[in-house]
Amino acid sequence: MSIIQIGVIGVVGALLAIQFKSVRKEYSTYISMVVGLLISSFIFFTTHFLPHSILLIFLQELSLITDSQ
């Protein structure tokens, strides 16, 4: 998927959430959550940015902050 397709998914999801908000409010929440998970999974699987990499970067930054004090 390209960035344009992800943008279209986001816009369509937002429009569906707005449409369902007047009928049943919880449906709009569910739609927003699914679209958010879909976009997040696309970013995760295309960049191969693993969660342990995030933790490693956080710990390195934390050690730099504590070392400078």
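Quick one: net charge of residue 30's neighbours, Cβ under 15 Å, K/R +1, D/E -1? Working shown, then result.
Values: positive: 21, 24, 25; negative: 26.
That works out to +2.
With equal scatterers on the alpha carbons only and no solvent term, can you work out the Debye log10 of I(q)/I(0) for the stretch 1-49 at 0.26, 0.28, 0.30 1/Å?
Here the Debye-derived log intensity ratios amount to -0.88, -0.96, -1.03.
Laboratory data are not the source of any read-out in this text; all were calculated from the coordinates shown. What you are looking at is a predicted structure, and each value in this text was computed from that prediction instead of being measured. For neighbour counting, all protein chains shown are included, and Cβ atoms are generated from backbone atoms with ideal geometry for every residue, glycine included.
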